[in-house]
1. Based solely on its DSSP helices, what 222 nm [θ] is calculated for the chain when runs of n ≥ 4 H residues each add -39,500 (n - 2.57) and the sum is averaged over all residues, nearest 500 deg cm²/dmol?
2. With 10 Å bins from zero, work out the P(r) of the stretch 506-628 over every alpha carbon pair and list the percent per bin.
3. Work out how far the C-alpha atoms of the chain reach from end to end along every principal axis, then list the three figures in whole Å, largest first.
4. Magnitude of the Cβ-charge dipole of the stretch 178-332, K/R +1 and D/E -1, about the Cα centre, nearest 20 debye?
5. Check cross-link reach from residue 343 to the lysines: straight Cα distance under 19 Å, and skip same-chain residues fewer than eight apart.
6. At 0.36 nm per residue, and after removing the present C-alpha to C-alpha distance, how many nm does the segment from residue 300 to residue 740 gain when stretched out fully?
7. More than 17 angstrom separation, counting every C-alpha pair in the stretch 107-168; what % is that?
8. Just going by the charge dipole of the stretch 78-198, with Lys and Arg at +1 and Asp and Glu at -1 on Cβ, which of 96, 167, 196 is farthest out on the positive end?
Amino acid sequence: MSAAQQTLPVIPYPQEVVYGKGILTLSNKATIGYNNPQLAGMAELLKMGLGNGQSLLLQVIKSQQAPENGISLQLISDPTLQEEGYRLVVSSNGILISGNTAAGVFYGTQTLLQMMTPDKKLQALSIKDEPRFSYRGMMLDVARHFQPVSYVKQLLDQLAMLKINRFHWHLTEDQGWRIEIKKYPKLTEKGAWRNGTIVGHHPGTGNTNERYGGFYTQEEVKEVVQYAAARFITVIPEIEMPGHSGAAIAAYPWLSCFPNEATIVPHHPSLQTMREAGKQVQESWGVYEDVYVPSEQTFQFLQDVIDEIIPLFPSPYIHIGGDECPKESWKRSEFCQQLIKEKGLKDEHGLQSYFISRMEQYINSKGKKIIGWDEILEGGLAPNATVMSWRGENGGIEAAQQHHDVIMTPTSNCYFDYSQTKNEDSLVIGGFLPLEQVYGYEPVPEALSDKPEAKYVLGTQANVWTEYIPNNRKLEYMLYPRLAALAEVAWTEKKAKNWHRFQSQIPSFLQRLDKAGIHYSKAFYELSAEIKPIPSGAGVVWHLDSKQPDANIVVTTPSGSKKIYTTPVPINATGKWVASLEQRGKILSTIKQDFELHKAVGKTVAVHPLPARKYSGNNGANGLVNGASSNNGLISAEWLGWEGKDMEATIDLGEVQTINQVVLHTMEAQGSWIYRPAEISISTSNDGVQYQKVTMVKGDAIPGGNDLRKVVLGTLGTEARFVKIYVKHFGIIPTGMPGAGHSAWIFVDEIAVY
Ligand code: ACM
């Protein structure tokens, strides 16, 4: 048997596969049998799956006997298998799928569906498989953009195929309330609809002025929950509090600290004249100050909502949000300040903790547990809460150390609203999260890996925020194939994980999506580029690569000459370089890169401190002097980013030279917490020991604004070999801005020396 045959077309990959001798051919005469009524539903689903996918028309029979040459589903008692585990045995006599639970047997059927081939032949083999993590999730935000029940069901089918067992349904937001609550009809009469949506990337260039919205009736919710349950998926509803609650406040203004204050809707100049004043469902993205007032009336409201939520969702968990709750309104509110005193709380963070703990108590009293985003750690964690760690891993580590359950969803590996290509041509929120980075994720952080607290990490989840995902085609484009990678991170043990094997499965996985009419990103096949210094400071070379077979990479220089790529290309001219992936005369993808050959290109550079892992540039510090700036806005791999830190870079030009000018290529994007530096200074040296400061700019002398790209520091006219550039970060993000109270990021993609 060839090595290729040894890779099963199954994602997530099973833990153990042993190949046997012989071939089974399934025919329409075969039957599907099962030994327990709990398996009846999945037997029908398997029949449907084989019918749709493989045009096999099998009959389902309830039989204790394994059907001859057919498929037998069996509930068994096997102490060597975990709860969701299964065994799948293919022999020339038939197929046996067994597990201790219906869920286990179901996962066996999903594996079989992926293994079936058009010729209906299966190699004899034996699989023993079970999940690494019990929580394997996907979150969908249906508040920024809505998805109808019919589509949610299609999505659930896909989750089941990938053995994802938690669907986290983000149902309430500033931009819409999406679930019917009978006691509070205005939540959906008013709260489910906004009068417009910003156009373009936040903060936007205008407003659609079109009414947008939708919601699920309780009957529809029951239908979704039931559909999910048949596929062994638990639906976890998220009802956000105390922040991100603008739609509820628009419906019932008494939920706000300031019921009479009109909602500020950015990019909405006509609000006061053409539309109703007062509280509005938000039409722009971001974080808003108008949050729930922690009054008795609000708690009664939220308890009433929870009372209607609980009977709809058998999930043991209710997600209560807890993220991004600005404290400005609570600071301004006399009522809140009085409450802080009365309850002996330390400050507004204490008030948030009080809010969450009170709701937790209520939810616990109804026999359910809460999950919250990692901000619920601030001011003290509610006693039984599970933490969803999104702002990196630290929240998860801290919660596990406090012996709380944790679900790891750090932005760096789990945020599927980020771009998966450096050549993104659609509107996305920002960030860069390629397939390989999802696949490479290890949900148990190093700080916990050899500790008993590792057991508190229940699993991981892909989060899909939908500000820039207006329809299901775009949703699929953002999900696939990354969801396959996340599924394997959540399911497959480290010893069975293998990027090269997984990568080899992607083409057939994508073909399967094609067949099912599911859209996906083709970033996997795109050209990838890296810029590396030539040793001894002699410039840089452009490394290009593609996974597409039978295609050429063609490089076009700034002067227009073309060459088929064979080895890394030395960059010997300033201007636009183009690399195209070409197959039989068709261009599959293109990278355009502006290079500028200044004095520091390819020279030795050191940076302190190191940039954040997720913004570590093209080849780390080398990327600061590679002649390439980001041509693709925030998502470019060229950016090096530092969060709340000052940075210093030292460039060794190799010999003493005249330095006339230094240009810092930087960026301000306040919506993404990235600010212009507070101060930039340059020092030079001949020996790398004694430095002299040659220039400094600070404050308003540094131009700002969202189009900031270059800060020119010259005319210097200094003779030196070493150039040191010190960049001080902006400081704390001001009140009223996204990320207020956090330290600003510095972004730098090039330091040019002339
Ligand atoms: C989040 O991304 N605000 C949880």
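The values are calculated or read from the model by the stated rules, or taken from the named source; none is laboratory data. Please read these numbers as outputs of a predicted model, since none were measured by experiment. Because the Cβ atoms are built from the backbone with ideal geometry, glycine has one as well, and the counts that use them run over all protein chains shown. Side chains included, ligands, DNA and RNA excluded: accessible areas come from the protein's heavy atoms. Shrake-Rupley method; radii C 1.70, N 1.55, O 1.52, S 1.80 Å.
1. Result for the chain, helices only: -6500 deg cm²/dmol.
2. Calculated P(r), rounded to whole percents: 12, 35, 30, 17, 5, 0.
3. Here the spans come out as 90, 71, 53 Å, largest first.
4. 200 debye
5. 327, 331
6. Full extension of this stretch gives 155.4 nm more.
7. Roughly 54 percent, rounded to a whole number.
8. Positive-most Cα among the choices belongs to 196.
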